[in-house]
């Protein structure tokens, strides 16, 4: 696929998606959202993609919405044509792990997009914030769901209702970041996690686990138990369940057979 506002690279099972408007600190554009959705869909459908890393070009991750000089960025949109989602599908909806390598500043939709990812590594030096209320709008990209489930309602309320900024160390303390590192180490760390997944984990098992993790917030203990049992029946007694054990016993890299595209259980993704 040809892209303008993002870059896409696939190597050794790891797809790297780079928000690529470096002159604008990767400010989010409508085209960027469309292209990111296309890239996520391609990753979901391609069995050669085992993990995804999302990062930004240059020294920023995403400086939020691209602000029009006449102040019209958030002008009224037609109700049928507008969605606050930012990108469809969101990172949490695809069946491959998505790791956000937040290599620098991420504010507004730049931060809410990162919150859709499964793992988030932030730069110590970056400035972060849900600035929406300081721009006369409200947080977007499913953030009223993703952020409270990550850090709780009280901490989310403080960040959303003040729109204040914070640095990487605080992002890690709050749980916004899975970990915080010096900026130069963020992308290498994300790639290391992605490569570990690509080499050592069973694709279908990872996809099922991710889906249950994201769905689990809305399920009761008993519902979780039933879903876990049902999904165990999807993988138990099949090729990968044998291969994972034998690879461990024989001290070799596993050779997985099951594929997300053909072995995904019937029903919703």
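Tell me, Kirkwood radius of the range 205-269 from alpha-carbon pair distances, in Å? Walk me through the numbers on the way to the answer.
Values: mean 1/r = 0.0760 Å⁻¹.
Kirkwood hydrodynamic radius for the range 205-269: 13.2 Å.
When 96, 127, 266 are ordered from fewest to most other Cβ atoms inside 10 Å of their Cβ, what list results?
Placing the least packed residue first, the sequence is 266, 127, 96.
For the chain, what does the helix formula give at 222 nm: sum of -39500 (n - 2.57) over DSSP H segments with n ≥ 4, over the residue count, nearest 500 deg cm²/dmol?
My calculation for the chain gives -12000 deg cm²/dmol from helical runs alone.
Order of 142-151, 110-119 by packing, highest average Cβ count within 10 Å first? The partial results should precede the final answer.
Values: 142-151: 18.9, 110-119: 25.7.
Ranking, from highest mean packing down: 110-119, 142-151.
Could the peptides 55-62, 166-173 be put in order, highest first, of the mean number of other beta-carbon atoms found within 10 Å of their residues?
Sorting 55-62, 166-173 by mean packing, highest first, produces 55-62, 166-173.
Against the longest alpha carbon principal axis of the chain, how many degrees, from 0 to 90 and to the nearest 10, is the axis of helix 221-235 turned?
Roughly 60 degrees, rounded to the nearest 10.
Could you please rank 6, 121, placing first whichever residue has the fewest other Cβ atoms within 10 Å of its Cβ?
Starting with the residue having the fewest Cβ neighbours, the order is 6, 121.
Distance between the C-alpha centers of the range 135-191 and the range 20-35? Whole Å please.
Using only Cα atoms to place each centre, the spacing works out to 20 Å.
Mind checking the angle between helix 153-162 and the chain's longest principal axis? C-alpha axes, 0 to 90 degrees, to the nearest 10.
Once rounded, the angle reads 30 degrees.
Tally the DSSP beta bridges in the range 6-198 and give the antiparallel ones as a percent, rounded to 5.
30 percent
May I ask you to sort 220, 178, 257 by Cβ crowding, counting other Cβ atoms within 10 Å and putting the fewest first?
Neighbour counts put them in this order, fewest first: 220, 257, 178.
Under the 0.36 nm per residue contour assumption, what length would be gained going from the current alpha-carbon distance of residue 135 and residue 199 to full extension?
On the way: separation 64, 0.36 × 64 = 23.04 nm, distance 4.37 nm.
Full extension from residue 135 to residue 199 adds 18.7 nm.
For a quick size check, give me the Cα extents of the chain along its three principal axes, largest first, whole Å.
62, 39, 38
Relative to the longest principal axis of the C-alpha atoms of the chain, give the angle of the C-alpha long axis of helix 30-45, reported between 0 and 90° and rounded to the nearest 10°.
0 degrees
Every number here is computed from the coordinates shown, using simple stated rules; none is lab data. Quantities reported herein were computed from a predicted structural model and do not represent experimental measurements. In this analysis, Cβ positions are derived from the backbone assuming ideal geometry, glycine residues included, and neighbour counts consider all displayed protein chains.
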